[in-house]
Amino acid sequence: MALGSLYLGPKDAVAKGEALWRLAHTAVATSWQSLITHRGPYDACKGVQLLITALLGQIYGALSKNRLIRTTSQVFRPLGFLWARHCGMLDSEPFSVESLPFPNASMEEKERQWRTWAAREIQQRALLAYHVLDGLVAQMSGDGTSTRHVANPLILPSSEAAFDASNVDEWLAHMRSQRFLPSPFGSFLKAYSLWYQTRTRVTL
C-alpha cells in the first residue's frame, strides 16, 4: 500500500504512504530479533519474510521524495545482507530439477514439491532484488555498494512461466522443459563487467 501511494493522485496519498512506511520500519527496527526467527513451512531457512519486508521498505525509500526516508533507508540497507548471511540464505541449496516429482506421483507429493520450489524461488528472487537495488541506490547516491556483488554465490531465477504457473501440472510442464543447471549470478555480473569495461575503452 505504501508503494502504491507514490503513484496515486490524491494529495494525502503520499502522507498516508509515509505513515505506513514508518510503521513498518519501526516494527522491523525494534522487533527484528523475533522476526528473524520466523520460518515458513516450506522455507529453506529462517528470516525470509524479514528480508522481503526489508526489501519492500528499501524500494519505497529509494523511490520516496522525502529526504529523511531516503537517508534512513540507506543507513539500514546493509542490514538486509547481514540478516541474509546470518540466516544462511546465501548458503541454501537451490531446488534441484532431480527433485521434480514423477508424472505418476501423488497429488500431495506434487503439491509439496511445488510449494518447496516456490519458497526457494521467492527467497532467491528477494536476494537478487536486494542486490540489484543495492547497486542502483549506490549508483544514484554516489556511495559504494553494501557488499561485493561479484562474490555472491547466487544463481539466476527460474523462468517467469514456471514462477507464474497457476497449478502444479503447469509448473511441472515448464520445469521439465527447462532442464538445465542454473548459471551463477556472480558469473553473469563478471561477464557484464568485462563487457562494460571493453565497451567503455572502445567508446573512449
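Read-outs: derived from the displayed coordinates by stated rules, not from any lab. All values reported here derive from a predicted model rather than from experimental measurement. FYI the Cβ positions are ideal-geometry reconstructions off the backbone, even for glycines, and counts take in every protein chain you see.
Here's the picture: charge each Lys and Arg Cβ at +1 and each Asp and Glu Cβ at -1 in segment 3-155, and of Leu82, Leu136, Asn152 the one pushed furthest to the positive end of that dipole is Leu136. Ellipsoid fit via the Cα gyration tensor, segment 4-140: semi-axes of 33, 17, 14 Å, each the root of five times an eigenvalue, largest first. Counted by neighbouring Cβ atoms within 10 Å, the residues Cys87, Cys45 run from fewest to most as Cys45, Cys87. Counting 0.36 nm for each residue step from His38 to Ser177 and taking away their Cα separation leaves a gain of 46.6 nm.
Model label sites at Arg125 and Asp143, defined 7 Å from Cα along the beta-carbon direction, differ in position by 2.8 nm. Ranked by how many other Cβ atoms sit within 10 Å of their own Cβ, fewest first, the residues His174, His38 fall in the order His38, His174. If you take every residue apart from Ile122 with its C-beta less than 15 Å away from the C-beta of Ile122, what net charge results, scoring Lys and Arg +1 and Asp and Glu -1? Once positives and negatives cancel, what remains is +1.
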